[in-house]
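Engineer: Pasting a structure below so you can have a look.
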Amino acid sequence: MDFVSFWILCLTVFSIFIPQGVTYAASLLSDPLIPDGEKITYAYRRGDENSTVVEEVRVKKDGEKSLYEITSASKFQDRKIQILRPTMTIRSVHTIRKFPSVTIDSTMTVVDERKEPECEEMKLADFSVLTHVLRGFPFTKLEKLKIGYFGEQRKSSYSMSVKYKGREKITITCGTFDCYKLEFGMDGFFGTFLPKMNAWYTVEAAHYLVYYEGPDGPPGTPRRIMEMVQYTKPSQ
């Protein structure tokens, strides 16, 4: 069970997801202006497992709508994500998971959106896109943003959130980067026992992910790490 699946399981058990629809809070995210043709290579580590993840971004138009199409490829899974600009909301996720005995192909598409009363809350149709949409987080302007999931009724006793933890310089294999740090996890009592995810995004636009660390499941499971090893974009 990976980290995202674990959180979805926890949320289901505690009935903390929120009703279907798109909240006004989605507009709290803004377009980070990702360049067309951006390519990032990450070293991926999970316990003793090592792999390489290559992500590429293309800027596309669908009628009057502008979107990012992000492809991610590794030996474990391939994924294609479409995110609408300028709100950084999900349009679709196509995932191919590669296991030793089976390959699983799944597609999720958001076909209907409706706004709800204003609140500082972001809803996701698929948690696998979290690190991508958070490139549009209002760094330095917002300390905390609640996160929910489409399709389930939320109980107010429990909530998940992403928190802005300040500005840090982080040194990795390919250099030193001035970054914004975000922490993702469950609020309240249960948050003191459950593991959290940390992610560092460049202060420099387009706020690309430099380093990620977090558990791959419940306490005691291996940590998962993604470290950027190469970043390229088309010359201006």
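The values are calculated or read from the model by the stated rules, or taken from the named source; none is laboratory data. Given the structure is predicted, the values throughout are model-derived calculations rather than measurements. Heads up, the Cβs are rebuilt from the backbone with ideal geometry, glycines too, and the neighbour counts pull from every protein chain shown.
Engineer: Just to be sure I understand the filter: pairs with C-beta atoms under 7 Å, separated by 6 or more residues or on different chains, first member in region 76-98 and under 17 Å from ILE34 (Cα atoms), second member small (Gly, Ala, Ser). Which pairs pass?
Structural biologist: GLN82/SER92; ARG85/SER66; PRO86/SER30; THR87/ALA26; THR87/SER27; MET88/GLY136; THR89/ALA26; ILE90/ALA125
Engineer: Here's another thing I want to ask about it. Could you check how many residues of region 74-104 are polar (S, T, N, Q) and under 14 Å from VAL57 (Cα atoms)?
Structural biologist: First pass over region 74-104, keeping only residues polar (S, T, N, Q): 74, 77, 82, 87, 89, 92, 95, 101, 103.
Then drop every residue that is not under 14 Å from VAL57 (Cα atoms), which leaves 82.
Result for region 74-104: 1.
Engineer: What residue, among those in region 184-220 that are within 15 Å of LEU145 (Cβ to Cβ) and at pLDDT 95 or above, is surrounded by the fewest Cβ atoms within 10 Å (Cβ to Cβ)?
Structural biologist: Once the filter is applied, the top-ranked residue is HIS207.
Engineer: So, one more: So which of SER5, SER72, SER66 ends up being loosely packed, with under 14 Cβ neighbours inside 10 Å and at pLDDT 95 or above?
Structural biologist: Every option except SER66 fails the conditions.
Engineer: Regarding region 117-134, can at least one residue be identified that is at pLDDT 90 or above, closer than 20 Å to SER92 by Cβ and not hydrophobic (A, V, I, L, M, F, W, C)? Before the answer, list the steps.
Structural biologist: Filtering region 117-134 down to residues at pLDDT 90 or above leaves 131-134.
Filter again for closer than 20 Å to SER92 by Cβ, leaving 131-134.
Filter once more, so that each one left must be not hydrophobic (A, V, I, L, M, F, W, C): 131-132.
Checking region 117-134: at least one residue is at pLDDT 90 or above, closer than 20 Å to SER92 by Cβ and not hydrophobic (A, V, I, L, M, F, W, C).
Engineer: Select from region 52-97 the residues that are among the polar types (S, T, N, Q) and within 24 Å of GLU121 (Cα to Cα) and write down the one among them that is farthest from the chain's Cα centre (by Cα). Outline the logic, then answer.
Structural biologist: Let us first name the residues in region 52-97 that are among the polar types (S, T, N, Q), namely 52, 66, 71-72, 74, 77, 82, 87, 89, 92, 95.
Still in the running and within 24 Å of GLU121 (Cα to Cα): 66, 82, 87, 89, 92.
Numbers: SER66: 20, GLN82: 13, THR87: 14, THR89: 11, SER92: 14 Å.
If we take residues in region 52-97 being among the polar types (S, T, N, Q) and within 24 Å of GLU121 (Cα to Cα), then SER66 is farthest from the chain's Cα centre (by Cα).
Engineer: Specify which of the listed residues (ILE104, ILE90) is modelled with pLDDT of 95 or more and either farther than 21 Å from LEU29 by Cα or aliphatic (A, V, I, L, M) (or both).
Structural biologist: Numbers: ILE90 fails: modelled with pLDDT of 95 or more.
Sole residue among the options that is modelled with pLDDT of 95 or more and either farther than 21 Å from LEU29 by Cα or aliphatic (A, V, I, L, M) (or both): ILE104.
Engineer: Sticking with this structure for a sec: What single numbered condition from (1) of a type in the set (S, T, N, Q); (2) outside any loop (DSSP other than H, G, I, E, B); (3) modelled with pLDDT under 95 fails to hold for GLN230?
Structural biologist: All conditions are met except number (3).
Engineer: Exactly one of these conditions fails for PRO138: (1) outside any loop (DSSP other than H, G, I, E, B); (2) over 21 Å from LYS39 (Cβ atoms); (3) modelled with pLDDT of 90 or more; (4) not hydroxyl-bearing (Ser, Thr, Tyr). Give me its number.
Structural biologist: The one condition PRO138 does not meet is (1).
Engineer: If you take the residues of region 50-63 that are touching a residue at least 12 places away in the same chain (Cβ under 8 Å) and acidic (Asp, Glu), which of them is surrounded by the most Cβ atoms within 10 Å (Cβ to Cβ)?
Structural biologist: GLU55
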